[in-house]
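K.L.:
What follows is a single structure, and I will ask about it in a moment.
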Amino acid sequence: MNIFKTLKPLTRAVITTLMCSFPLLGVTSVHASAISTPLKVTLSPSDPTWQLAINNKLLGPTEVLIEPTERGFARQAQPLLQAGNYSEVAALFKGRDISEDSTALNLLRAQVLLSTKDFNNAELAYLACLKTSPDLVKAHQGLSLLYMQQAKYDKAQTHLVHSIELGQADAQSYAQLAYIHVQHSQPWSAVAAYRQALMLAPETSQYQQGLLFALIESGDLSQANALLKELLNKTPNKAELWLQRAQIALQLDQKKQALAAIEVALKLNPKDTSNQLLAAQLHLSEGSSERAVSLLKQGLKHATKQQQVEVINTTMQTLGWLVSQQKWDSAKDLIGSAKKLTKQLPRDEQAQFSVYSAQIAMQQGNTKRALKSLNNALKINPNLGDALLSLASIYRSKSQITQAKLMYVRAQALPNYQLSAWLGLSQIAIDSKDYPSALKHLRKALQANPQRQDLITNIRALENIVRQEG
């Protein structure tokens, strides 16, 4: 019986199967798969600028009047108000009892304190006004602005709607209402309110961009595109508009157009880390790994402390993808730039980073460094399948069969790594001519993965050998 003639194709077939499992041990990890998740430009409506009208003519006719006894204070405060020295006016109010002042003076107190961001005392002053004058429009307006700055949008909406009902239906009021609808994830209501604001102030870019954002969020991409073209014609150097173009393109699954728009935004704002991360992911999805790595390296360099977590997470996902695609040069380039930030990763992520480092070292033939990295990974996470399989591969290559078997046995206890572990054990058994054991492992593999029809050929060949030796 010519055993070696029979074994040759069998061994080659099993090795081929194993090779499909190993090179991208990272494919089974969350990092490699995460690259395929839908991409989305993270936009928020531009931080709005709202106008607060402060009464700096206390002695003239206004909606509410100061008391005659307050005129001396008014004469002292008025030049400071006209000069915009609101902090000094706020200091003057500290010597006065809010319960003894008129509604007019408390309204001024509230406006001044709001302008100096003393929100708690400003709220008390506005509420004191409404206690004596429940329909005082400026008090409702002021409270709506105050609550918006504190992100208390429900309270802001209550006072804003009341001020509109009282006749204060100006462009800013509708724009504020639209902004609140955006915060409440009510894009259609936001669209209606922004359009109302633009009827009264059609050239206000802040309202136009708010409408654009609301249209995109509502899914009305044709209207959004039309408005976007108009805005880009007026202000082609505004990075936010190009990001919105990218968002529309992504929603239409036009990744090349989205990428082109993101690249323009990056030219306008080269150090924007969020844009760099998104562009990197888009480049990966389009197969341009070199540009993706270049952008991630910039992101790693320019990220603020608040951005570092997002940057390193995207980097980990990218490393998983690069390793899974065997783009070793790009992976090596990226891992060198990311190494200094790995201490900020959770422990399990640090272990995965060590696995990627080891896989690159293995590709370079640096077994010693690979073993060190893999053992470090397993110290952190003893059940890290990628590390176990990589170690098994190294031990097999060094003919350290007992250690290789131990790694495969540990890996077969992990559901996502069972197939690779069984194939590895089967290959070791074939190499040592223990065909019954090889057959046992292959049958386990087929039972758990019946779609792997390629295993049937190997199983039948092994069965023939076992019978012949029988």
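K.L.:
Is the shape of region 247-340 rounded, prolate or oblate, going by the alpha carbon gyration tensor and its root eigenvalues a ≥ b ≥ c, with a/c under 1.5 for rounded and a/b larger than b/c for prolate?
P.N.:
Because a/c hits 1.5 or more and a/b fails to exceed b/c, region 247-340 counts as oblate.
K.L.:
Compute the separation of the alpha-carbon centres of region 434-450 and region 396-420 and state it in Å as a whole number.
P.N.:
If we compute the Cα centre of each part, the gap is 15 Å.
K.L.:
Kindly identify region 134-232 as rounded, prolate or oblate by the Cα gyration tensor criterion: order the square roots of the eigenvalues as a ≥ b ≥ c, call it rounded if a/c is under 1.5, otherwise compare a/b with b/c, prolate if a/b is larger, else oblate.
P.N.:
prolate
K.L.:
Sticking with this one: Using a probe of 1.4 angstrom, how much of the accessible area of the chain is carbon and sulfur, in percent?
P.N.:
50 percent
K.L.:
Still on this structure, please answer the following. What FRET efficiency comes out for Glu469 versus Thr367 if R0 is 25 angstrom and r is the Cβ-Cβ distance? Round to the nearest 0.05.
P.N.:
Computed FRET efficiency for Glu469 and Thr367 comes out at 0.10.
K.L.:
Where a ≥ b ≥ c are the square roots of the eigenvalues of the C-alpha gyration tensor, would you call the chain rounded, which needs a/c under 1.5, or, failing that, prolate if a/b is larger than b/c, or oblate?
P.N.:
prolate
K.L.:
So which helices of the chain fit the span-like rule, where a helix is a whole DSSP H run, its Cα atoms reach 30 Å or more along the axis, and its mean Kyte-Doolittle is at least 1.6?
P.N.:
Qualifying helices: none.
K.L.:
Please give every one of the aspartates and glutamates within straight-line cross-link reach of Lys433, meaning a C-alpha to C-alpha distance under 14 Å, and leave out same-chain neighbours fewer than 8 residues apart.
P.N.:
Reachable aspartates and glutamates: Glu463, Glu469.
K.L.:
Accessible area, 1.4 Å probe, largest first: how do Ile456, Ile465 sort?
P.N.:
From most exposed to least exposed: Ile456, Ile465.
K.L.:
Roll a 1.4 Å probe over the protein chains and send me the accessible area per residue for the chain in Å².
P.N.:
49 Å²
K.L.:
Just how far, in whole angstrom, is region 360-394 from region 223-276 if you go by their alpha carbon centroids?
P.N.:
42 Å
K.L.:
Extension gain Glu165-Gln451, at 0.36 nm per residue separation less the Cα-Cα distance, in nm?
P.N.:
Between Glu165 and Gln451, full extension yields an extra 96.3 nm.
K.L.:
Counting only GluC sites (Glu not before Pro) that sit in a DSSP loop (anything but H, G, I, E, B) with at most 13 other Cβ atoms within 10 Å, what is the longest stretch of the chain containing none of them?
P.N.:
Of all site-free stretches, the longest is 204-470.
K.L.:
Hey, another quick one. Using a Förster radius of 51 Å, what is the FRET efficiency between Gln257 and Lys343 based on their Cβ-Cβ separation? Nearest 0.05, please.
P.N.:
In this case the efficiency is close to 0.85.
K.L.:
Would you kindly give the portion of the calculated P(r) for region 153-306 that falls above 20 Å, as a percent of all Cα pairs?
P.N.:
When every Cα pair of region 153-306 is considered, 56 percent fall beyond 20 Å.
The values are calculated or read from the model by the stated rules, or taken from the named source; none is laboratory data. Bear in mind that the values here come from a model prediction, so they are computed numbers and not experimental data. Here the Cβ is made from the backbone with ideal geometry for all residues, glycine too, and neighbour counts use every protein chain on show. Just so you know, the surface numbers come from the protein's heavy atoms only, side chains and all, with ligands and any DNA or RNA stripped out. Shrake-Rupley method; radii C 1.70, N 1.55, O 1.52, S 1.80 Å.
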